[in-house]
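Some notes on the structure that comes next.
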Protein chains: 2
Amino acid sequence: MIEIGLDDLDDIALGATFLGTGGGGDPYIASLMTRRAIAEHGPVTMLSLEEIDDNALVFACGNMGAPTVAIEKIMAADQPPAAVLALESHLGRKADLLMAFEAGGSNSMMPIYNAAMLGKPMVDADGMGRAFPEMQMVTFSVYGALGSPFALASEHGDTTILDIEDDKRAEYIGRGIVIRMGARSAKASFPMDGRTAKRVAIPGTTSLCQAIGVNLRRSRAANRDPFSALIEMLSGTHYGHAKVLFRGKVTDLIRETRDGWAIGKVVIEEQGEGTLEIEFQNEFLVARQEGTLRAIVPDLICILDTEMAQPITTERLRYGQRVTVMAVSAPPIMRTEAALAVFGPVGFGLEDRFVPVEELP
Amino acid sequence: MIEIGLDDLDDIALGATFLGTGGGGDPYIASLMTRRAIAEHGPVTMLSLEEIDDNALVFACGNMGAPTVAIEKIMAADQPPAAVLALESHLGRKADLLMAFEAGGSNSMMPIYNAAMLGKPMVDADGMGRAFPEMQMVTFSVYGALGSPFALASEHGDTTILDIEDDKRAEYIGRGIVIRMGARSAKASFPMDGRTAKRVAIPGTTSLCQAIGVNLRRSRAANRDPFSALIEMLSGTHYGHAKVLFRGKVTDLIRETRDGWAIGKVVIEEQGEGTLEIEFQNEFLVARQEGTLRAIVPDLICILDTEMAQPITTERLRYGQRVTVMAVSAPPIMRTEAALAVFGPVGFGLEDRFVPVEELP
C-alpha cells in the first residue's frame, strides 16, 4: 500500500507519456485536474493487486474520446466521477476500488483523479500496460472479463449505461455515443471482483509509470544518460527487455486524421545508419529499418527527444526533431496467443507476425 | 377497458398509417409481428387514461430508427421487450402499463406487441397524436415529463440506458446509438406515473387509429365515399375538424435522404384547380396551393389514393398517382404555445406561423 500525493503526479505523468507509445493523449491537463483534486481531498491510497480483497468490487475508469479534442475541450470536474456514480447506481452497489484501464497517456491520471474525488482507494494495475486506441484492446477482455455494464458521462451531466455482450461491439456502439457527447466522455467499465482483477489485470503499471518518471527526472538532474538508466531500471520489471532502436532526425512525416484516429508514418534518418520508419495509429505500431523489422505491437515503441529524453506523442512529432527511438518488451500477459489476437499486429490490420523485440535485430 | 385481438390489428394499422401523415413507417411488418404475439399469448387489455391508477408506472415504447431500414431489417422478436426489461431492471421496478409514444405509423403496434409479449395491459394514449421524427416532439416532453431514463435495445440483445436531462439532447445522443445499432433500435422511455400520464398524454389515440381504420374499411366495403365518412367520424373526436384540401395527380416529386430523413416536396396538380405543393421531412409538414397556406404542422396533412382512400407514406409516393389530400386539426393539447414551440412550424425550421386548419381557406 502506498500513497499518491501531489509530489508524485509529475513523475507518473511523465512515465505515462512514455508508456503511451505516442498515443493515449498528453496527461498534462489530466494531471492538473488531479493535482487540484488531491490538494482538496488529500492523497490517494493505492493497493497492489495482491493486497485487494477477492470480493472487492473494482471498476476500470478513464476517458473515451479523441486525444486531439482533449487538449481543447477540458473535462468538467464532476464528469469523471459521474461515470463511476452512474455505474454504481445501475449496479446498486458501490465500487470498492478504482483501477486504470489504460496506464499509458492521459488515462493514467483518471483513476487517481476519481479516487481523490470519491474518497476511494485505487489498484496499481491496468488492462493495456501502455496505450491502445480501442476498448476491447485490454487484457481484461482477453482473459474473459466483460466491459459491460459500463457508463459514459458527458460534460452536461448526461450519462449512459451500456450492456453489450461483446467488447468489440461495445467499442463500436460506445464510440457512437462518445462522438455525440463531443468526442470526450468519462467512462467507468469492466466491473469485476478482486479475484478476477488478479487474474486479468496487468500488475503494477501505475507504479511503473512513476518509476519511469522518477528515473528520467533523476537522470536529467544528474546529467546522466537517461536512456541507459531507463533500460537498466526496466530490466528489473516485468517489462524486462528495453533497448535503443535508433537515433536520428525526423525527415518525413505523414499524418492524417481518419475515423477519429491519427494515422500515419514517421521517417527518422541518420547518416551512415539509414532510416527507421515507424507506422502509427494513435500509437506507434511497427518500426522497420531499411525494410527489416525492429519492433512491433504490442511491444512498446517510444520516441523521445534525444536531448531531454522527453517522450513525444504522435500529434507533437515535427520535421527536424532529433529523436531517440526505444523499444520495450511488453509483459508476458500481453504476449499470449489470446492477447496477440486482440492487440497484436492482426488487431491493427498489419500483415507482419509478432516477434518479441528481444529476438529482433 | 377493451381488448385488442387479432381482428383489430388491420384496422389499427390502417388508421395508424393515416395518422402517420406520410411518416412513422409502414405498420405492415410490425402488425405481422403483433399478430403472431397475440396468437401466441392472447389478446391485449387496453385501458383509457381515466381508468389507470395514479401510481401505476407507465413506459412509453416503440422503435427508434429509420423507417426505410425497418422494411429491410426486421426486428428480432425479443428486441422490443428487451428495451422494456432493461428499463425495468435499471429502475428496479416493473412497468404496470405500456403506452405508445407515437400513435402514427409502425410505432402504433409496438405497445400492443410488447403488451402481448410481456403480459401487461396498455394505455390508450400517446405523445405525438400522429407521427413525428424526433424523440422530444411529444406532449410528454412539452408538459414536463422526461424521456430519461430510457432504454435502447439492438437485435443482438445489446441494451443501453440513457439518462439525459434534456429530451432534445437525448434525441441527439440516442440517435448516435441507434445509428450504430444499425438504424433500428427498440425503445422504452418516459417512465412516468399514471397521474402524470393523465396530464401529459394525448388520450384515446390507439382507439382513434382503430376507429379510422374501421371507418375506411366499411366505406370501402359499402362503396360509400370514404372521405366524407371519415370527416364525419373525426368531427366527433378531439381531432374535430377534417377536410379535403385537394384532389389531383402527382406531377412532381423531389425526395432525398438527408441526415437519416426523407426530405423533399411533392406537387399535386389538377386542371382548373392549379397545384398543391407539400413539403415533407418524413411527415408532411406544410401544404400550399399556388402560394396560399392550406395546412401546416402540427395539424395533420394526409395523402390518400383517391380510389381506395389508402394513406400513402412519403417513401411510397410516385409520379402519376391520383391522390386526395386531407387535413385534420390536431387536438387542443398539441396546439398550445408550448407544444407549438416544440413541434409546430418552428420545430421544423419553417418560417410560417401556425394557423389552425379550420381558419385556413
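The values are calculated or read from the model by the stated rules, or taken from the named source; none is laboratory data. Keep in mind that what you see is a predicted model, and the values were worked out from it rather than measured. Because the Cβ atoms are built from the backbone with ideal geometry, glycine has one as well, and the counts that use them run over all protein chains shown.
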Practice problem: Among the numbered conditions (1) acidic (Asp, Glu); (2) more than 27 Å from A:Glu171 (Cβ to Cβ); (3) within 17 Å of the chain's Cα centre (by Cα), tell me where B:Asp193 comes up short. | Solution: (3)
Quiz item: How many residues does segment A:169-183 contain that are buried (at least 22 other Cβ atoms within 10 Å of the Cβ), more than 7 Å from every other protein chain (Cβ to nearest Cβ) and over 12 Å from A:Asn63 (Cα atoms)?
Solution: 1
Exercise. Might you check whether a residue that is modelled with pLDDT of 95 or more, surrounded by fewer than 20 Cβ atoms within 10 Å (Cβ to Cβ) and within 20 Å of A:Met109 (Cβ to Cβ) occurs anywhere in segment A:212-235?
Key: yes
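To keep it simple, each residue is scored yes or no on (1) more than 14 Å from chain A (Cβ to nearest Cβ); (2) surrounded by 24 or more Cβ atoms within 10 Å (Cβ to Cβ); (3) free of Cβ contacts under 8 Å to residues at least 24 places away in the same chain; (4) within 16 Å of the chain's Cα centre (by Cα).
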site	(1), (2), (3), (4)
B:Met75	yes, no, no, no
B:Arg93	no, no, no, no
B:Gly105	yes, yes, no, yes
B:Lys120	yes, no, no, no
Quiz item: What residue, among those in segment A:275-320 that are part of a strand (DSSP E or B) and of a type in the set (Lys, Arg), is surrounded by the fewest Cβ atoms within 10 Å (Cβ to Cβ)?
Solution: A:Arg288
Exercise. Take B:Ile268 and decide whether it is closer than 19 Å to B:Phe132 by Cβ and either in a strand (DSSP E or B) or hydrophobic (A, V, I, L, M, F, W, C) (or both).
Key: no
Exercise. Among the residues of segment A:146-162, write down those that are closer than 11 Å to A:His90 by Cα, at the interface with chain B (Cβ under 7 Å from one of its Cβ atoms) and not hydroxyl-bearing (Ser, Thr, Tyr).
Key: A:Ile161, A:Leu162
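Here is a yes/no grid of residues against (1) within 23 Å of B:Gly176 (Cα to Cα); (2) more than 20 Å from the chain's Cα centre (by Cα); (3) at pLDDT below 95:
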| position | (1), (2), (3) |
| --- | --- |
| B:Gly5 | no, yes, no |
| B:Leu19 | no, no, no |
| B:Glu51 | no, yes, no |
| B:Ala60 | yes, no, no |
| B:Thr68 | yes, no, yes |
| B:Leu85 | yes, yes, no |
| B:Leu97 | no, no, no |
| B:Glu102 | yes, no, no |
Quiz prompt | Complete set of residues in segment A:308-361 that are within 16 Å of A:Thr21 (Cβ to Cβ), of a type in the set (A, V, I, L, M, F, W, C) and more than 17 Å from the chain's Cα centre (by Cα) | solution = A:Ala309, A:Leu317, A:Val323, A:Val325, A:Leu350, A:Phe354, A:Val357
